[in-house]
Amino acid sequence: MNSDTLAMTYAASSGAVVLLPLVFGVVVVGVLIGAFVLGRRVRARQPRPPLPEEQPTRPPGGPPGEVSEPSEEQKGRDGGSFGNR
């Protein structure tokens, strides 16, 4: 094989080696830009978050009908259903 032919063969194959990652990079960037655009469209369709003055407020006397139940640990110490088998 002639050295000129070998050099030409290597040059032709190295062009594909350079071109393939470049094309892959362009495709990846395109997918990322598309994902960003899609995310912006989805976000634009969602309702805006409420303003601070639109937030619900607590009644003056505290939460209505607040009931606190004893914890599992307290039920066990007080003779509740925890541990009585």
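The values are calculated or read from the model by the stated rules, or taken from the named source; none is laboratory data. What you see is a predicted model; the values in this text were computed from it and never measured. Glycine also receives a Cβ, built like all others from the backbone with ideal geometry; neighbour counts cover every protein chain displayed.
Taking every residue in the range 47-67 that is without any contact (Cβ under 8 Å) to a residue 60 or more places away in the chain and assigned to a loop (DSSP other than H, G, I, E, B) and pairing it with any residue that is surrounded by fewer than 10 Cβ atoms within 10 Å (Cβ to Cβ) and among the polar types (S, T, N, Q), at least 6 positions away or on another chain, yields no pair with a Cβ-Cβ distance below 7 Å. Might you let me know whether the range 17-34 holds any residue that is at pLDDT below 70 and in a helix (DSSP H, G or I)? For the range 17-34, residues at pLDDT below 70 and in a helix (DSSP H, G or I): absent.
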